[in-house]
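Written out below as structure tokens is the structure these notes cover.
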Amino acid sequence: MKKKYVIIILFFLCLNAVSQTKLIDKVDNGKFIIENNKKFAISKDTINGDFKFDTICKSKRGDYLFTKENNFWGVINQDGKIIIPNFYQNINTACCYEKLNGKDNFIVKKDNKVGVL
């Protein structure tokens, strides 16, 4: 009898954990931005993910995702691969600069200094 109660309790605990995961947005490559317990992740489904970011924002063009972790910003691609680590106080797409070597530029702020990556 105890075994049945344990199974029922575990079922409801698992159900509660899954229900806390929220779909935030869909990314162009078919992946998802999801949230669980105020942490965000990129995932191929709407449930499982590495919830390590404080926030994830899509860029206006959608090519990149801006991430915030421990009050520092960075950039990942749509697959979750790190392009710019979360080292910067602020980061934006540098829309007024031409591409260098076929890559976009970003305006970053670190230690109250501004630069272009």
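The values are calculated or read from the model by the stated rules, or taken from the named source; none is laboratory data. Source: prediction; values computed, not measured. Positions of Cβ are generated from backbone atoms using ideal geometry, with glycine treated the same way; all protein chains shown enter the neighbour counts. Note: areas computed on protein heavy atoms with side chains; ligands, DNA, RNA excluded. Shrake-Rupley method; radii C 1.70, N 1.55, O 1.52, S 1.80 Å.
So that you can scan it fast, the table gives a plain yes or no per residue for (1) open to solvent by less than 40 Å² (accessible area, probe 1.4 Å); (2) of a type in the set (A, V, I, L, M, F, W, C); (3) touching a Leu at 6+ places or on another chain (Cβ under 7 Å); (4) modelled with pLDDT under 90:
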site	(1), (2), (3), (4)
N92	no, no, no, yes
C96	no, yes, no, yes
K110	no, no, no, no
K113	no, no, no, no
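Within region 61-87, can you find the residues that are among the aromatic types (F, W, Y) and crowded, with 20+ Cβ neighbours inside 10 Å?
Y64, F66, W73
I'm trying to understand the selection: among the residues of region 56-68, which are farther than 19 Å from K22 by Cβ and charged (D, E, K, R)?
K60, R61, D63
State yes or no: is K60 under 19 Å from L117 (Cβ atoms) and in a loop (DSSP other than H, G, I, E, B)?
For K60, the condition - under 19 Å from L117 (Cβ atoms) and in a loop (DSSP other than H, G, I, E, B) - is met.
When region 23-56 is examined, which residues are found to be closer than 12 Å to T67 by Cα and aromatic (F, W, Y)?
F40, F51, F53
Of these, K52, K58, K26, K103, which one is modelled with pLDDT of 90 or more, among the basic types (K, R) and open to solvent by 40 Å² or more (accessible area, probe 1.4 Å)?
K52
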